[in-house]
Amino acid sequence: MCCHVLDIEELDKMAGDLCGKWCAPGGCAIYAKRPQVCRDFECDWLTERDIPVAMKPDRLGTILMVCPDSDQYQAVCDPKKPNSWRHPMMFKHLVSKAKEGHVVVAKAGLISWRVYPTGECAPWA
Ligand code: SF4
């Protein structure tokens, strides 16, 4: 899903475009020689053991990650599931991250929302 949904500057890949190196059914056609940016990336679902299997990115439609450029905690949605961040299980997780002090931003294509510790959300530039 990250090979599709994320913006990867090093590969000139726009958010929502499937990477040209991706091939069915196995995934990356150059896996052994994939760029460092792909080797380094781990979404929060992989690293945070308390996030349930039901929130796996390809199940719910949202990749959870800390943006390396801004330190924002981001929920990046599959373009086919732009409202997946509003799923009650996901939304509860995002509010808990906001309560921890993170700037939490949900992204669906070019549209973003800030999620606040109070459970409110608002469009975010
Ligand atoms: S190079 Fe491979 S791992 Fe990296 S985004 Fe493309 S398909 Fe995915």
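Derivation of every value follows stated rules applied to the coordinates shown; laboratory data play no part. What you see is a predicted model; the values in this text were computed from it and never measured. Virtual Cβ from ideal backbone geometry, glycine too; neighbours counted across all protein chains shown.
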| By how many degrees, 0 to 90 and rounded to 10, does the Cα axis of helix 88-99 deviate from the longest principal axis of the chain? | 70 degrees
| field | Distance in nm between pseudo-label sites at Arg114 and Arg39 (7 Å out along the Cβ direction from Cα) | value | 3.8 nm
| said: What distance in nm lies between label points placed 7 Å from Cα along the C-beta direction at Arg49 and Asp7? | reply: 3.5 nm
| query | When N is the residue count of segment 74-119, what does its C-alpha Rg come to as a fraction of 2.2 N^0.38 Å? | reply | 1.05
| request: At most 10 other Cβ atoms within 10 Å and a DSSP loop assignment: could you name the trypsin sites (Lys or Arg not before Pro) in segment 61-125 that fit? | output: Lys80
| remark: Once the mean of 1/r over all distinct C-alpha pairs in segment 6-61 is inverted, the Kirkwood radius in Å reads 12.9 Å
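Using helices alone, I'd like the mean residue ellipticity at 222 nm for the chain: each DSSP H run of four-plus residues gives -39500 (n - 2.57), total over residue count, nearest 500.
-5000 deg cm²/dmol
Lys and Arg at +1, Asp and Glu at -1: add these up for the other residues within a Cβ distance under 13 Å of Glu48 and post the number. Before the final figure, lay out each step's value.
Values: positive: Arg49, Lys56, Lys97; negative: Glu42, Asp44, Asp50, Glu100.
Spelling it out: positives minus negatives among the neighbours equals -1.
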| Under 20 Å Cα-Cα from Lys21, which lysines qualify once same-chain neighbours fewer than 8 residues away are excluded? | Lys13, Lys33
| field | Distance between modelled label sites at Lys81 and Asp69, nm, 7 Å Cα→Cβ extension | value | 2.5 nm
| Cα-based Rg / Dmax (Å) for the chain | 14.5, 44
